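Engineer: One structure, pasted below without further comment.
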Ligand code: PMV
């Protein structure tokens, strides 16, 4: 089935209803940086789906008081948030063609994150995938769309991508790939695909402890960062490299080769930041403490042989990655050596993806 198509019967327009979902954030290992047209990636990416850092949303709908002009009331952590509500309304109406029922209803959305909003963790992947999982569930439960579980996830990934590129990967448990890539069957720029079956047991339950080095708002949004890739002198070589790394990372996830996993993952994080530093205008999102933490992780790995490594998002916070069987030694290293460089530590790990909650 075409993931864009609605294929429901729109036979329940006078009804109303409510669903609740949770959906996690994800951390990219090979990084999406650069987009074109309607949220299409310039290169493929692979991520681990997280578990603790997630959004919880309740989405309720009732027939629109003024059909064609739907209202969206958005409550963030219990308080009405006009700006966020307008952003969501804009997204829904912009994509009316693939959400043909959207303006027949008024929408009330109550959303909250499990991680503090001042933590500097990007919430768009969890927030947007959560909203979309709720919509796709409404289509199935109330609007006569009869899709298989697989098709629901494909459609959710497609719609999440339209809201925020990286959100397309959050709908799948454990691991996902997004972006067309020669050599990865089924991969597409339009939606992410599940990568769970690729995982060697070395990666099961992989940890991602997020050290919040700075919770300040980023100086440059990721949308602007993506745009600036259009004029980056290294873009062609970068897109080629991201393809190669994504193909290799897939086989590394299958073989369990932790040494190559570390090389690719850390290389991708540093390349992402190198691309920011070489953009016009150039920008630097790492802080001195990000570098201090990186250096300590590398030194500890060298001395101890423990396969701990780091990755970075578009920000200064350090994601500390390690296998579950090294959890004790890594935790005590993080507590004694790294935690002093951050204001907060969020202990996360690979997780099972979005979940439907009792409404
Ligand atoms: O989904 P966006 O537009 O916020 O971009 C996310 C970009 C990175 O987080 C830096 C990389 C990625 O693949 O998630």
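Bear in mind that the values in this text are calculations on the coordinates, not laboratory data. None of these values were measured; they are calculated from a predicted model. All Cβ positions, even for glycine, are placed from backbone atoms using ideal geometry, and neighbour counts span all protein chains on display.
Engineer: Thinking of region 277-335 as a set of Cα atoms, what percent of all their pairs are more than 13 Å apart?
Structural biologist: Counting pairs separated by more than 13 Å, the tail of P(r) holds 64 percent.
Engineer: Once both axes come from the Cα atoms, what is the angle between helix 149-163 and the longest principal axis of the chain, in degrees from 0 to 90, rounded to 10?
Structural biologist: 80
Engineer: Would region 18-68 count as rounded, prolate or oblate if I go by the C-alpha gyration tensor, calling it rounded below 1.5 in a/c and otherwise prolate when a/b exceeds b/c, oblate otherwise?
Structural biologist: oblate
Engineer: While we're looking at this one, here's another question. Could you grab the relative contact order for region 1-125? Cα pairs under 8 Å, six or more apart, rounded to a whole percent.
Structural biologist: 29
Engineer: Next question. May I ask for the angle, rounded to the nearest 10°, between helix 235-255 and the longest principal axis of the chain, with both axes built from Cα atoms and the value confined to 0 to 90°?
Structural biologist: Approximately 80 degrees, to the nearest ten.
Engineer: Once you compute Rg and the Kirkwood Rh from C-alpha atoms, what is the Rg to Rh ratio for region 75-126?
Structural biologist: A ratio of 1.02.
Engineer: What number, in percent, do you get for the relative contact order of region 236-359 if the mean sequence gap of Cα pairs under 8 Å and at least 6 apart is divided by its residue count?
Structural biologist: 19
Engineer: Okay, moving on. Classify region 103-225 as rounded, prolate or oblate from the Cα gyration tensor: take a ≥ b ≥ c as the square roots of its eigenvalues, call it rounded if a/c is under 1.5, otherwise prolate when a/b beats b/c and oblate if not.
Structural biologist: In terms of gyration-tensor shape, oblate.
Engineer: Taking Cα centroids, how far is region 291-359 from region 132-150 in Å?
Structural biologist: Cα centroid to Cα centroid, the span is 36 Å.
Engineer: Using the per-residue mean of other Cβ atoms lying within 10 Å as a proxy for protection, in what order, highest first, do the peptides 18-25, 2-9, 192-199 fall? Don't skip to the answer; put the middle values down first.
Structural biologist: Working: 18-25: 23.5, 2-9: 14.8, 192-199: 19.9.
The peptides rank, most packed first, as 18-25, 192-199, 2-9.
Engineer: Right, next: How far apart, in nanometres, would the label points at residue 200 and residue 62 be if each is projected 7 angstrom from Cα along the Cα-to-Cβ direction?
Structural biologist: Computed distance between label sites residue 200 and residue 62 equals 5.6 nm.
Engineer: Related question: Per residue of the chain, what 222 nm ellipticity follows from adding -39500 (n - 2.57) for every DSSP H run with n ≥ 4, rounded to the nearest 500?
Structural biologist: -11000 deg cm²/dmol
Engineer: Another question, if that's okay. Distance from the Cα centre of region 1-80 to that of region 190-224, in angstrom?
Structural biologist: Each part reduced to its Cα centre gives a spacing of 18 Å.
Engineer: Kirkwood-based Rg over Rh for region 225-359 (C-alpha set), two decimals?
Structural biologist: Answer for region 225-359: 1.00.
Engineer: Another one. So for region 116-239, averaging the separation of alpha carbon pairs under 8 Å that are six or more residues apart and normalising by length, what relative contact order in percent results?
Structural biologist: 23
Engineer: Assign one of three labels to region 194-281, namely rounded, prolate or oblate, based on the Cα gyration tensor with a ≥ b ≥ c the square roots of its eigenvalues; rounded applies when a/c is under 1.5, prolate when it is not and a/b is larger than b/c, and oblate otherwise.
Structural biologist: Since a/c reaches 1.5 but b/c is at least a/b, the shape of region 194-281 is classed as oblate.
Engineer: Any chance you could give the angle, 0 to 90 degrees and rounded to 10, that helix 82-94 forms with the longest Cα principal axis of the chain?
Structural biologist: 70
Engineer: On average, how much area does the Cα convex hull of the chain cover when viewed from any direction, in nm²?
Structural biologist: The orientation-averaged projected area of the Cα hull of the chain comes to 17.3 nm².
Engineer: Could you work out the equivalent-ellipsoid semi-axes for region 96-157, taking the square root of 5 times each eigenvalue of the Cα gyration tensor, largest first, in whole Å?
Structural biologist: 25, 15, 10
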